[in-house]
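J.: Sharing a structure here in structure tokens format.
The values are calculated or read from the model by the stated rules, or taken from the named source; none is laboratory data. Bear in mind that the values here come from a model prediction, so they are computed numbers and not experimental data. When we count neighbours, we look across all protein chains shown, and the Cβ atoms used for this are built from the backbone with ideal geometry, even at glycine.
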Amino acid sequence: MDLYERLRRIQLLYLETLRIHHALAVAFLLYILFIVVQLIIKRRKGKRILEHFPGPPDHWLFGHVKEFRQDGKDFDKILRWGKQYPLAFPLWFGPSVSFLNIHHPLYVKTILSSTEPKDDVAYAFLVPWIGEGLLVSTEQKWFRHRRLLTPGFHYDVLKPYVTLIADSTKIMLDKWEVHAKSEESFELFQHVSLMTLDSIMKCAFSCNSNCQTESGTNLYIQAVYELCRLVNLRFRVFPYHINAIFHLSPHGYRFRKACNIAHRHTEEVIRKRKEVLKIEREQGIVKNKRYLDFLDILLSARDENQQGLSDEDIRAEVDTFMFEGHDTTASGISWILYSLACNPKHQQKCREEIMQTLEGKDTMEWEDLNKIPYTTMCIKESLRFYPPVPGMSRKLTKPMTFFDGRTVPAGCLVGVSVYGIHMNATVWENPHVFDPLRFLPENTAKRLPHAFVPFSAGPR
């Protein structure tokens, strides 16, 4: 009897377990079905929104993601589509995320002249890393931070930075002298990244990091490389758009690990400065320094209600400034050096112009920057060829009508293809030819104002 009862209970427990598993399976399938239905609805809505903008064929599940193979030819594909679909065309990333990719100055003028916020897809992936600083914040928070930080970009604040940047550059050039003696090629981007990080640490945070002379690999720079790669990967792999899936994935773990390294770096910078301010006690002492740096302004900024930035806001702005101040700058400088190396005649003219401006001095000063027009034109042409930020995007809060009469509704994501604009053959004659003379004043005056936007434009 006891054995029979025990077997019956085991049988009931087994049946109950089956029912639970069945219920869980049904619930899971219903959840998957719900997600699929939501994706179908969003896809149909996106197709309807962009029906007036023809574009390249897309896969129902992957969109155009598989077209971008990360093989160095992705931008060529964008240009080819740009010729086929003038002004603008849709790009799909997964089954439900679509952007109206624009590549004509008049379209760009419409979007960049507005105060529309950054999109909440691509930029949202940056928030765990750089927080809600100026790059990704929106609405009142963005306006408040912009107002509080504007003094940090005044000419009087920026002028002393020239000497500090020259000091960092000299360290890099001394290292290159050693490498040159070996007559072996080397990857200069790593060196330029260390130089720009050293410069931003000195200029913005009054910190001598010695990162250029320390042996070994700089952990912060490696973390930034990893974070950039993972953000790009997350954008392209649409299941990673779901926070839970990305969080549980190996890539999510590596992202959090790299974030921790970057955050420890910025927290240490802030901690050291707060200790200095505590010792100095009075803000007036700080203002009597030879120059006022970005972190001074962050810590002392006050709005009309005498409210400063929170610790979280300060770290977000430091993370943002640290990343944008060294990584995109290093990219721009590296491509400029590459462009000049590929065009030795222009390189020689730049060298002659700079040597004439120096007149025996070791380094250039602020006042010398307007004495090198040819070099400036070469820099601009390199930025046209290789914009450090090849695109940006906005999410419309209200309908927007472009110059040709086509309209997109609120909620639409609009991507500005900076590279597409800079290589648009209807705007630039022979766009694939390196020609600094495009930026002579008389030639610039003939072009539409938004034909050259390497650092964006407008109020945002």
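J.: If you take the residues of the range 135-156 that are touching a residue at least 24 places away in the same chain (Cβ under 8 Å) and surrounded by fewer than 18 Cβ atoms within 10 Å (Cβ to Cβ), which of them is farthest from Asp313 (Cα to Cα)?
T.: Selected residue: Pro151.
J.: In addition: I'm told Val121 meets every condition in (1) of a type in the set (Val, Ile, Thr); (2) touching a residue at least 40 places away in the same chain (Cβ under 8 Å); (3) in contact with a Pro (Cβ under 9 Å, 6 or more places away or on another chain) except one. Can you identify the failing condition by its number?
T.: (3)
J.: Conditions: (1) buried (at least 19 other Cβ atoms within 10 Å of the Cβ); (2) in contact with a Leu (Cβ under 7 Å, 6 or more places away or on another chain); (3) outside any strand (DSSP E or B); (4) not hydrophobic (A, V, I, L, M, F, W, C). Gly411 meets all but one. Number of the miss?
T.: (1) is the only condition that Gly411 fails.
J.: Residue check: is Ile221 closer than 30 Å to Lys66 by Cα, in the same structural domain as Glu268 (by TED's automatic domain parsing) and of a type in the set (A, V, I, L, M)?
T.: Here the answer is yes, as Ile221 does meet what is asked.
J.: Moving to a separate point now. Of all residues being aliphatic (A, V, I, L, M) and under 20 Å from the mean Cα position of the chain (by Cα) in the range 64-86, which is farthest from Arg44 (Cα to Cα)? Just the residue, please.
T.: The selected residue is Ile78.
J.: Right, here's the next one. When the residues of the range 380-408 are narrowed to those that are free of Cβ contacts under 8 Å to residues at least 60 places away in the same chain and over 16 Å from Ile111 (Cα atoms), which ends up surrounded by the most Cβ atoms within 10 Å (Cβ to Cβ)?
T.: Only one residue fits best here, namely Ser382.
J.: Scan the range 319-348 and report the pairs whose first residue is over 30 Å from Asn260 (Cβ atoms) and whose second residue is hydrophobic (A, V, I, L, M, F, W, C) and not in a helix (DSSP H, G or I), with Cβ atoms within less than 8 Å and a gap of 6+ or a chain change.
T.: Filtered contacts from the range 319-348: Ser339/Phe434; Cys342/Phe434; Asn343/Phe434; His346/Phe434.
J.: Ok, one more. Within the range 156-193, can you find the residues that are within 19 Å of Ser334 (Cα to Cα) and among the aromatic types (Phe, Trp, Tyr)?
T.: Within the range 156-193, Trp176, Phe186, Phe189 meet the criteria.
J.: Count, please, the residues in the range 87-105 that happen to be part of a loop (DSSP other than H, G, I, E, B) and either surrounded by fewer than 24 Cβ atoms within 10 Å (Cβ to Cβ) or over 19 Å from the mean Cα position of the chain (by Cα) (or both).
T.: Count: 5.
J.: So in the range 152-199, with the set limited to residues that are touching a Lys or Arg at 6+ places or on another chain (Cβ under 7 Å) and in a helix (DSSP H, G or I), which one is farthest from Lys361 (Cα to Cα)?
T.: His191
J.: Moving on. Among Glu132, Glu116, which is at pLDDT 85 or above, out of contact with any strand residue (DSSP E or B) (no Cβ under 6 Å at 6 or more places or on another chain), crowded, with 18+ Cβ neighbours inside 10 Å and not in a helix (DSSP H, G or I)?
T.: Of the residues listed, the single one that is at pLDDT 85 or above, out of contact with any strand residue (DSSP E or B) (no Cβ under 6 Å at 6 or more places or on another chain), crowded, with 18+ Cβ neighbours inside 10 Å and not in a helix (DSSP H, G or I) is Glu132.
J.: Restricting the search to the range 414-438, which residues are surrounded by fewer than 20 Cβ atoms within 10 Å (Cβ to Cβ) and aromatic (Phe, Trp, Tyr)?
T.: Selection gives Trp428, Phe434.
J.: Could you grab me the full set of residues in the range 188-235 that are polar (S, T, N, Q) and at positive phi?
T.: Ser206, Asn210
J.: Restricting to helices (runs of 4 or more DSSP H) lying wholly in the range 297-385: which have 3 or more residues that are under 25 Å from the mean Cα position of the chain (by Cα)?
T.: The qualifying helices (runs of 4 or more DSSP H) are 311-323, 329-342, 373-385.
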